[in-house]
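Just so you know, all these numbers are worked out from the coordinates, no wet-lab data involved. Note that the coordinates shown come from a computational prediction; the quantities given were computed from them, not determined experimentally. Cβ placement follows ideal geometry from the backbone for every residue including glycine, while neighbour counts extend to all protein chains displayed.
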Ligand code: AMP
Ligand code: ZN
């Protein structure tokens, strides 16, 4: 029997502002769409946090036995500089500055995105569609919205008529805004705009002569509005109505609100049952962002090369740091906070390494394993409460250490349940990795290899080849092996 049949999972739905018992549209199957990155620069740790929250959700669904179609797109056109309908396309701007093709920008940062996510041990989504690969689908949606009378064309551009839509639908229901307030809070049009009202948003924009990312359409050579791609791709791969749509909290408005409006305009029904929003990673209490420079990049965390870091941290320690906060809470990054996470992570891995060497006794177990196991599920079933799950994992750590110190005993049956449950939650659900260097034969191949590299680095330094010695140190740090120079020579740590 599939595990999900025994577990009641509750998810906080941003649309209703309530935790609800989750029931997929088709039993056993889940359709989940998450807004992907705009590939015009390297992802920072804030972006990673949002994608990691949904990687954890995906992992738990899979563990429960659901068949999940997880669609996460790549935004490679249409996202303008100011998130609204004005300014240069972010990718085209980067291409202009770097003097390369926009598709070279897209390729470079898509590869970086994948490499980064691989380092953090992400599972790949089931489908990763691109905006530029779905221009035809986007044009079809615009035609449908025009046919319904909820969009209008001006000078080759097409805009969604928010005011007209709001007469029969509720624009603002996701973000808790209403049109009256929006009218009050947006500045009036400056006479340059083709829009009837400032709240309207672009479905299609006619390209200025210098705008190089352009496609033919019935209205003009131009490009789709940013919100449209997600409606086109989610509908194409998950249907007019699907289970879950996710993204960072900052996408709720206007992006997700506009997605709802577009889909409802076409199909007259709410496209998504559960809207999930992951909260922000901050640095010095300010949102990490590309535009302000207030961010830390994954490579900086792996190498420690950032003034805000006391040392390098491995991908798994970073993942553990993020999983110690609930996905709907703001998490502030600091070197001190992640150092504390590192200590916790090491303690957890030490206990897991100790577990396999524990003496199993014929006596009973001084720990209620089955109730502990259910507590782990209860934590995850309560809107993916990973901090509570981690607290439960530490109850097991305490017990393992007691058995090791012969202050408690464990039976074979409980030992098996404890081992498999820890494996499930630590590695499958949280996605952590144990870089234990002992292989089954007890030999120490990793240590031997790193020792070899340490010796090569010492030789390079003796020859004043600092480029090579730094390269060895940095590339080891990239894969989570940190070298430490002390007065007795160089040692290394992994985690
Ligand atoms: P973008 O590439 O700007 O479209 O962003 C990709 C994803 O990262 C979106 O889901 C954003 O909501 C999310 N994001 C951006 N900044 C942060 C942050 N500081 N913390 C968490 N998520 C973020
Ligand atoms: Zn989106």
May I ask for the distance between the Cα centers of the range 276-354 and the range 114-138, given as a whole number of Å? 24
In what sequence do 411, 291 fall when counting other Cβ within 10 Å, fewest first? 291, 411
Label zone at residue 3 (point 7 Å along Cα-to-Cβ), backbone N below 16 Å, the range 342-378: 370-378
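Taking the Cβ of each residue in 282, 116, 365 as the centre, tally the other Cβ atoms inside 10 Å and list the residues starting with the fewest. Before the final figure, lay out the partial values.
Values: 282 17, 116 23, 365 20.
Lowest count first: 282, 365, 116.
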For the range 3-278, the Rg and Dmax computed from alpha carbons only, in angstrom: 18.7, 60
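Arranged by the count of other C-beta atoms within 10 angstrom, fewest first, what order do 234, 193, 469, 310 take?
On the way: 234 25, 193 16, 469 19, 310 11.
Fewest-to-most ranking of 234, 193, 469, 310: 310, 193, 469, 234.
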With a Cα-only, solvent-free Debye model of the range 72-225, what are the log10 I(q)/I(0) values at q = 0.08, 0.14, 0.21 Å⁻¹? -0.29, -0.83, -1.35
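Can you tell me what the convex hull of the Cα atoms of the range 125-175 projects to on average, as an area in nm²? Before the final figure, lay out each step's value.
Values: hull surface 21.7 nm².
The directionally averaged projection comes out at 5.4 nm².
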Pulled fully out, how much extra length does the chain show between residue 402 and residue 294, if you take 0.36 nm times their separation in residues and subtract their Cα-Cα distance? 34.5 nm
Simple spin-label estimate for residue 311/residue 181, 7 Å along Cα→Cβ, in nm, reads 4.7
Average the reciprocal distances over every distinct pair of alpha-carbons in the range 56-122, invert the result, and give the Kirkwood radius in Å. 14.3
Pairwise label distance in nanometres, residue 25 with residue 250, each label 7 Å out on the Cα-Cβ vector: 3.0
The range 294-314 scanned against label point 7 Å out from residue 485 along Cα→C-beta; backbone N under 11 Å for none
Can you give me the P(r) profile for the chain? Cα pairs, bins 20 angstrom wide beginning at 0, each as a whole percent. 21, 49, 25, 5, 0
Be a star and scan the range 345-364 for residues whose amide nitrogen sits under 17 Å from the point 7 Å along the Cα-to-Cβ vector of residue 413. 360-364
Give me the Å³ per residue figure for the convex hull around the C-alpha atoms of the range 344-469. 138
From largest to smallest, what semi-axes in whole angstrom does the range 95-166 give when each is the square root of 5 times an eigenvalue of its alpha carbon gyration tensor? 34, 18, 11
Pull out the extension gain between residue 427 and residue 88, defined as 0.36 nm times the separation in residues minus the alpha carbon to alpha carbon distance; nm, one decimal. 117.8 nm
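If r is the Cβ-Cβ distance from residue 167 to residue 347 and R0 is 60 Å, what FRET efficiency results, to the nearest 0.05?
Details: r = 59 Å, r/R0 = 0.98.
Approximately 0.50, to the nearest 0.05.
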Theoretical FRET efficiency, 1/(1+(r/R0)^6), r = Cβ-Cβ of residue 435 and residue 470, R0 25 Å, to 0.05: 0.65
Over the C-alpha atoms of the range 282-436, what are the Rg and the largest Cα-to-Cα span, Dmax, in Å? 17.7, 61
Calculated diffusion of the range 1-152, Stokes-Einstein form, Kirkwood radius summed over Cα pairs, 10 °C and 1.306 mPa s, µm²/s: 88
Distance in nm between pseudo-label sites at residue 332 and residue 268 (7 Å out along the Cβ direction from Cα): 5.1
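How much length would be gained if the chain were fully extended between residue 452 and residue 16, taking 0.36 nm per residue of separation minus their Cα-Cα distance, in nm to one decimal? Write out the running numbers ahead of the final one.
Numbers: separation 436, 0.36 × 436 = 156.96 nm, distance 5.81 nm.
Contour length minus Cα-Cα distance gives 151.1 nm.
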